[in-house]
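To start, the structure itself, in structure tokens.
The values are calculated or read from the model by the stated rules, or taken from the named source; none is laboratory data. Quick caveat, the model's predicted, so the values are computed rather than measured. No Cβ is skipped: glycine too gets one built from the backbone with ideal geometry, and neighbour counts run over all protein chains shown.
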Amino acid sequence: MKINMGYPSFEEEHNIMKTYRYSDPIEDLTSSITKEQLVQYQEEVKEVYLTKEVEEYLLSVVRATRDSAWTEVGVSPRGTLALMRAVQARAAIKGREYVTPEDIKEMALHVLPHRLVLTLEGSTKKSQQDVMEAILQSVEVPVEIGAER
């Protein structure tokens with residue numbers, strides 16, 4: 001997953017320099033959860049449900065990365081699994097027991113672009129993020145009736 005956080009402002013970065021002039025920020029880190037809690041959360045995320053329509057939409061997005069005129073290499077099956085787990089986690093964080101197409105559209109922008117290898121022409125005209133956004137716009141989004149199992 002790749003998330004662009006941008007850079008701090010001049011003042012913020014200056015404060016960072018002053019705060020950590022004589023120490024290392026890594027030394028101040030503490031755990032917010034235990035290893036056991038992390039494993040428990042990971043197992044709970046696996047239980048978040050994807051309807052057949054949502055699974056097919058996720059696969060259609062991934063497969064479109066392989067068929068794009070802008071890509072030399074699209075998302076691998078390992079990337080498919082990473083996206084699936086990310087959308088399950090997003091749904092769980094949102095308090096849902098099921099994944100929506102909106103979860104896929106949101107997380108695909110963070111999980112997939114850096115996995116694309118653009119063609120020579122593609123890399124001179126577009127960014128990986130631009131290509132991913134275009135792919136998401138081109139893939140038909142399913143209309144969900146419900147998230148029943």
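Checking each residue in the stretch 86-118 for being within 9 Å of the chain's Cα centre (by Cα) and surrounded by fewer than 17 Cβ atoms within 10 Å (Cβ to Cβ) picks out Glu106, Leu109. Residue count for the stretch 46-72 satisfying the condition of being under 13 Å from Gly122 (Cα atoms) and in a loop (DSSP other than H, G, I, E, B): 3. Taking every residue in the stretch 34-58 that is touching a residue at least 12 places away in the same chain (Cβ under 8 Å) and pairing it with any residue that is of a type in the set (D, E, K, R), at least 6 positions away or on another chain, the pairs with Cβ-Cβ distances below 7 Å are Val45/Arg85; Val48/Glu97; Tyr49/Glu97; Tyr49/Arg149; Thr51/Glu144; Glu53/Glu144.
Close Cβ contacts (under 8 Å, 6 or more residues apart or on different chains) running from residues in the stretch 2-30 that are without any contact (Cβ under 8 Å) to a residue 40 or more places away in the chain to residues that are among the aromatic types (Phe, Trp, Tyr) comprise Glu13/Tyr7.
Here Arg78 passes the criteria (1) modelled with pLDDT under 95; (2) more than 19 Å from Val141 (Cβ to Cβ) except the one numbered (1). Residues in the stretch 53-72 that are within 17 Å of Asp130 (Cβ to Cβ), aliphatic (A, V, I, L, M) and surrounded by fewer than 21 Cβ atoms within 10 Å (Cβ to Cβ): 2 in all. Quick one: in the stretch 8-45, which of the residues that are among the polar types (S, T, N, Q) and in a loop (DSSP other than H, G, I, E, B) is surrounded by the fewest Cβ atoms within 10 Å (Cβ to Cβ)? The selected residue is Thr30. As a summary of the residue check, Thr65 satisfies the conditions (1) β-branched (Val, Ile, Thr); (2) touching a Gly at 6+ places or on another chain (Cβ under 7 Å); (3) at pLDDT below 95 except for the one numbered (3). With the checklist (1) buried (at least 19 other Cβ atoms within 10 Å of the Cβ); (2) in contact (Cβ under 8 Å) with a residue 24 or more places away in the chain; (3) assigned to a helix (DSSP H, G or I) in hand, flag the one item Val75 doesn't pass. Among (1) buried (at least 19 other Cβ atoms within 10 Å of the Cβ); (2) in contact (Cβ under 8 Å) with a residue 24 or more places away in the chain; (3) assigned to a helix (DSSP H, G or I), the lone unmet condition for Val75 is (3). Figure legend. Inter-residue proximity from the stretch 111-126: first residues over 15 Å from Asp67 (Cβ atoms), second residues surrounded by fewer than 16 Cβ atoms within 10 Å (Cβ to Cβ), beta-carbon distance below 6 Å, spacing 6+ or different chains. Indicated pairs: Val111/Met1; His114/Lys2. When you check Asp24 against the structure, is it closer than 23 Å to Ser123 by Cβ and out of contact with any Cys (no Cβ under 6 Å at 6 or more places or on another chain), yes or no? Judged against the criteria, Asp24 is not a match.
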